[in-house]
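Student: Have a look at this one.
Bear in mind these aren't lab numbers, they're just calculated from the coordinates by the rules spelled out. Remember, it's a predicted structure, so these values are computed and weren't measured experimentally. So basically every Cβ, Gly included, is an ideal-geometry build from the backbone, and we count neighbours across all protein chains shown.
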Amino acid sequence: MRKTYFTPGPAELFPTVERHYQDAFEQQLGSISHRSQKFRDIYKHTVEQLRILMNVPETNGIFFTGSATEIWERLIQNTVEHESFHLVNGSFSKKFYDFSVDLNKFAHKFEKPFGEGFDNSEIEVPEYAELICTTANETSSGVQMRPAEIHKLKRANKDKFVCVDMVSSAPYPDLDFNTIDSAFFSVQKSFGMPAGLGCWIVNPTMLEKAERMKIHENQIGTYHSLPSLFKNFSKFETPETPNVMAIYVLGKVAEDMNNIGIETIRKQTEKKAKVLYDFADKCDFLEVFVKNPEHRSQTVVVVNVKEKSAADIIKQVQTDVNMVIGSGYGDFKATQLRIANFAAVNLEQVETLVEALRKV
């Protein structure tokens, strides 16, 4: 009997993923050249479907990397000469900040306790910060930053770049790519694919900054620098041999999501999240971790465990209904559960999970 994964990444595979990979094998896509017309057609199709799904302007480049973690480094290398600014409220936003420090930038941070979120009204951006780093969904703590607050942050800082880590929420957030400068995600979470591909959306203004930095002998990286990525993107090619099969499957999954409709996916996500939060609110041994409802993630639900062992709950649910829940992150591993609410799981599966938890 197959398991159902409610883990926050790698996560449950989107229902059509296996078929798309089988099609990719039958077409022998693992053997084609990334300079072939076949690959250009695959890249173009994936870009077209992502533009539709996430409402990305034609002017923005859409690039592929090995992971979203790599994109942290590329963003800082290509857009920050001296100073970056980071909103930190969990383990992953903290790691993004750490990358900037390790790259010898002057990194500022506005840090909140684990489980608390940000509103634009409380954020003061340092005068000389060049890049503002936000997280749409902090995977470790289950906190979201609402798109409206991100857009306000950019409008109040028009002279600075705003990038959005949407690793565990894309394509759910309704981001305005005419407002923000960059966003990125990886495929093993909300897109329900095996890990091994990062996707980076970038506007041309960032390219201009990278080109200026290169002229002034800043280290902006090599094959995955923005000038290199944009140059190859103009031909629907990549600087290096990429994960062709994953790019193909991502395009097919995005097409499947477009056939469902992004608004339908968003409504389904919110309905499933409400079922999970409502149950946790009424449950004797669970407690919703994020106190402010406006800051509660719709894609990664985090709950505290009271009077029981998180590991025991995870084990019992898997034994009873063959569903796998994620444990808390880092120091919270033993005391929290993280329940992924991605598009790959449906309302019926969520209700089955809730019934299993009710019987614990």
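Student: Looking at the chain as a GNM with Cα springs under 10 Å, which of F177, F332, F233 has the largest mean-square fluctuation?
Tutor: So, out of F177, F332, F233, the one fluctuating most is F332.
Student: Given that compact globular proteins tend to follow 2.2 N^0.38 Å, what is the ratio of the alpha-carbon Rg of the chain to that value?
Tutor: 0.99
Student: What is region 48-107 by shape, rounded, prolate or oblate, if you read a ≥ b ≥ c off the alpha carbon gyration tensor as root eigenvalues and call it rounded for a/c under 1.5, prolate for a/b larger than b/c, and oblate otherwise?
Tutor: Judged from the Cα gyration tensor, region 48-107 comes out prolate (a/c at least 1.5, a/b above b/c).
Student: Taking the Cβ of each residue in C163, C283 as the centre, tally the other Cβ atoms inside 10 Å and list the residues starting with the fewest.
Tutor: C283, C163
Student: Which order do M193, M145, M1, M213 fall in if you start with the one that has the fewest other Cβ atoms within 10 Å?
Tutor: By the 10 Å Cβ count, ascending: M1, M213, M193, M145.
Student: May I ask you to list the GluC sites (Glu not before Pro) in region 287-360 that are in a DSSP loop and have at most 15 other Cβ atoms within 10 Å of their Cβ?
Tutor: Passing sites in region 287-360 are E307.
Student: First check a/c for region 91-192, with a ≥ b ≥ c the square roots of the eigenvalues of its C-alpha gyration tensor; if it is under 1.5, answer rounded, and if not, answer prolate when a/b is larger than b/c or oblate otherwise.
Tutor: Since a/c stays below 1.5, the shape of region 91-192 is classed as rounded.
Student: If you don't mind, there's one more thing I want to ask. Run the numbers on region 35-117 and let me know its relative contact order in percent, using alpha-carbon pairs under 8 Å that are six or more apart.
Tutor: Relative contact order comes out at 23 percent.
Student: Then there's this: For a label point 7 Å from the Cα of E294 along Cα→C-beta, name the residues of region 92-125 whose backbone N is under 15 Å from it.
Tutor: 116-123
Student: Do any trypsin sites (Lys or Arg not before Pro) in region 140-238 lie in a DSSP loop with no more than 15 other beta carbon atoms within 10 Å, and if so, which?
Tutor: K158, K235
Student: Evaluate E = 1/(1 + (r/R0)^6) for N322 and T222, where r is the Cβ-Cβ distance and R0 equals 41 Å; express this FRET efficiency to the nearest 0.05.
Tutor: Efficiency, rounded to the nearest 0.05: 0.35.
Student: Once the Cα atoms of helix 204-215 and of the chain are each reduced to a long axis, what angle between those two axes, in degrees from 0 to 90 to the nearest 10, is obtained?
Tutor: 60
Student: Using Cα-Cα distances under 8 Å and only pairs 6 or more residues apart, what relative contact order does region 17-259 have, in percent?
Tutor: Computed value for region 17-259: 29 percent relative contact order.
Student: Please work out whether region 116-263 counts as rounded, prolate or oblate from its C-alpha gyration tensor, where a ≥ b ≥ c are the square roots of the eigenvalues and a/c under 1.5 means rounded, while otherwise a/b larger than b/c means prolate and anything else oblate?
Tutor: Here region 116-263 falls in the oblate category.
Student: If you filter region 110-144 for chymotrypsin sites (Phe, Trp or Tyr not before Pro), then keep DSSP loop positions with at most 13 other Cβ within 10 Å, what is left?
Tutor: Of the chymotrypsin sites (Phe, Trp or Tyr not before Pro), the ones in loops of region 110-144 whose Cβ has at most 13 other Cβ atoms within 10 Å are Y128.
Student: Listing D256, D165 from the residue with the fewest other Cβ atoms within 10 Å to the one with the most, what is the order?
Tutor: D256, D165
Student: Considering just Cα atoms, how many Å³ per residue does the convex hull of region 199-336 enclose?
Tutor: 211
Student: So which residue, out of Q318, Q49, Q144, gets the largest mean-square fluctuation from a GNM of the chain using Cα contacts under 10 Å as springs?
Tutor: Q318
Student: If the cut-off is a Cα-Cα distance under 19 Å, which lysines reach K282, setting aside same-chain residues fewer than 8 apart in sequence?
Tutor: Within the straight-line cut-off, K282 pairs with K271, K272, K274, K291, K306, K308, K359.
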